[in-house]
Amino acid sequence: MTIPRRSLFGAALAVPALLAPSLAAARHTAAQTTAPQPAMAPPAAKPAQRDLVLGTGAVTGLYLPVGAALCSLANRDGRVRCLVEATEGSVFNLNALRAGEIDLAIAQSDWVRQAFSGEGRFAAAGPFADLRTVLTLHAETLAILAAPDSGIAGFADLKGRTVNAGPAGSAIRTLFETVARRFGWTDADLAGLSDLSPDRQGELLCDGKAEAVVFAAGHPNGAVMQAVTGCSGVLVPIEGTPVDALVAERPDLVKAAIPGGLYPGADEDVPSVGVVAMLVTTAAVDEGAIHDLTRSILDRAEDLGGLHPALRSVGRDILAGPVAVAPRHPGAERALTEAGQVSP
């Protein structure tokens, strides 16, 4: 599997980050740099700097700038060099990680759980037993927007209404259906869902072709903002006993809130449910390198919110969050213990 080299994004970000060069070119350059030079004394030994390539997401998506923020903090101590790769997202990242083509990845917690267990889209490959977690990042919640005159005030009001939840099999649709079944929806109820592409959500709401549309994203999100401002969409709270029971049974899902003040008309937090973005690696990656990267991020956790809005609520407690979808890497565990975030 070859990771596509995407256009650079540095101009769009206010954080310094390193983009991963061609690994072959990097090795060639390193070989030239370290070749012995006749009649010259060898340079003084320096601590080895370890390169770690981080697979993120699309150039236009959220994972790329989030990955850049993480690498920016990780690189400040100079013990590791974290390099950012633009990729196709969670599933691609987990497959590339398994193939040894990258060292770190950002992926949704539900995909991490499935990859580790060898379920769903990863069933053919079998369990990814060497998959390890490093840190927990931001929540990616269901965001349901209802038309302002629809009378939809909660999830229970959605049954029997015109709802677009995205194409069958998509991450958005799968998460929505999982929650809907907890609210008593049957196969017949789910069959009534519209399945148009998520990039048409705003259009459907504005044109009155849907009474509610469904997103799953970190916040703030441009598409959600467009639907709120352009179509007067109203965020629908997702809460109650069905949500409590679901989260209790599914370690890859969390109760979360869409923070108030991010979108016009939503001054208070809006309760929801979703997955979390996670920083993951494999058992084969050097313990010392993962320790140093993790410790550098933990020591500067208060800077995360200033590097990207999606990370404003991510502090040390969130980073150390017990999302038990795969074992923690021993290097990360040691760094978290040193920082007082987990008990030795």
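The values are calculated or read from the model by the stated rules, or taken from the named source; none is laboratory data. Keep in mind the model is a prediction, meaning the values are calculated, not measured. So basically every Cβ, Gly included, is an ideal-geometry build from the backbone, and we count neighbours across all protein chains shown.
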Problem - Qualifying residues in the range 238-249 (those that are in contact (Cβ under 8 Å) with a residue 40 or more places away in the chain and within 22 Å of the chain's Cα centre (by Cα)) - the one farthest from N95 (Cα to Cα) - result: I238
Fill in the blank from the handout: For I290, the lone unmet condition from (1) in contact with a His (Cβ under 8 Å, 6 or more places away or on another chain); (2) surrounded by fewer than 17 Cβ atoms within 10 Å (Cβ to Cβ) is (2)
Fill in the blank from the handout: Considering only helices (runs of 4 or more DSSP H) wholly within the range 228-335, the ones with at least 1 residues that are outside the structural domain of A99 (by TED's automatic domain parsing) and among the hydroxyl-bearing types (S, T, Y) are 241-249
Problem - Scan of the range 87-145 for residues that are aliphatic (A, V, I, L, M), surrounded by 21 or more Cβ atoms within 10 Å (Cβ to Cβ) and more than 18 Å from the chain's Cα centre (by Cα), ordered by number - result: I144, L145
Practice task
Only residues in the range 281-309 that are farther than 13 Å from P330 by Cβ and free of Cβ contacts under 8 Å to residues at least 12 places away in the same chain count as the first member; pair them with residues that are among the aliphatic types (A, V, I, L, M) and assigned to a helix (DSSP H, G or I), Cβ under 8 angstrom, at least 6 apart or cross-chain, and list the lot.
Solution key: G305/L311
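Any residue in the range 270-286 that is among the polar types (S, T, N, Q) and either over 19 Å from the mean Cα position of the chain (by Cα) or modelled with pLDDT under 95 (or both)? So that I can check it myself, show each step before the final result.
Keep residues of the range 270-286 that are among the polar types (S, T, N, Q), which gives 272, 281-282.
Those still in the list that are either over 19 Å from the mean Cα position of the chain (by Cα) or modelled with pLDDT under 95 (or both) too: none.
Scanning the range 270-286 turns up no residue that is among the polar types (S, T, N, Q) and either over 19 Å from the mean Cα position of the chain (by Cα) or modelled with pLDDT under 95 (or both).
Could you pull out the residue among G166, G192, G184 that is surrounded by fewer than 20 Cβ atoms within 10 Å (Cβ to Cβ) and at positive phi? It would help to see each step written out before you state the result.
Values: G166 fails: surrounded by fewer than 20 Cβ atoms within 10 Å (Cβ to Cβ); G192 fails: at positive phi.
Result: G184 is the single residue among G166, G192, G184 that is surrounded by fewer than 20 Cβ atoms within 10 Å (Cβ to Cβ) and at positive phi.
Hey, could you check the range 196-227 for residues that are in contact (Cβ under 8 Å) with a residue 60 or more places away in the chain and either polar (S, T, N, Q) or part of a helix (DSSP H, G or I) (or both) and say which is nearest to S109 (Cα to Cα)?
If we filter the range 196-227 for residues that are in contact (Cβ under 8 Å) with a residue 60 or more places away in the chain, which is where we start, we get 205, 208, 210-221, 224, 227.
In the following step, the residues that additionally are either polar (S, T, N, Q) or part of a helix (DSSP H, G or I) (or both) were identified as 205, 221, 224, 227.
Details: L205: 29, N221: 19, V224: 22, A227: 26 Å.
In this case the residue turns out to be N221.
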Exercise for the section: Examine the range 201-217 for a residue that is surrounded by 15 or more Cβ atoms within 10 Å (Cβ to Cβ), within 22 Å of A324 (Cα to Cα) and of a type in the set (V, I, T), and state whether such a residue exists. Expected result: no
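Can you name the residue in the range 236-250 that is hydrophobic (A, V, I, L, M, F, W, C) and surrounded by 13 or more Cβ atoms within 10 Å (Cβ to Cβ) and, of all such residues, is nearest to E211 (Cα to Cα)?
Initial filter on the range 236-250 (hydrophobic (A, V, I, L, M, F, W, C)): 236, 238, 243, 245-248.
Now drop any that are not surrounded by 13 or more Cβ atoms within 10 Å (Cβ to Cβ), which leaves 236, 238, 243, 246-247.
Numbers: V236: 12, I238: 16, V243: 22, L246: 25, V247: 27 Å.
Restricting to residues being hydrophobic (A, V, I, L, M, F, W, C) and surrounded by 13 or more Cβ atoms within 10 Å (Cβ to Cβ), the top hit is V236.
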Practice task
Check A74 against each of (1) within 30 Å of F183 (Cβ to Cβ); (2) not in a loop (DSSP other than H, G, I, E, B) and name the one condition it does not meet.
Solution key: (1)
Completion exercise
Here the qualifying pairs (Cβ atoms under 9 Å; residues six or more apart or on different chains; first in the range 257-277 and closer than 18 Å to P148 by Cα; second surrounded by 19 or more Cβ atoms within 10 Å (Cβ to Cβ) and acidic (D, E)) come out as none
Practice task
Answer yes or no: is there a residue in the range 318-337 that is without any contact (Cβ under 8 Å) to a residue 60 or more places away in the chain, of a type in the set (S, T, Y) and loosely packed, with under 15 Cβ neighbours inside 10 Å.
Solution key: yes
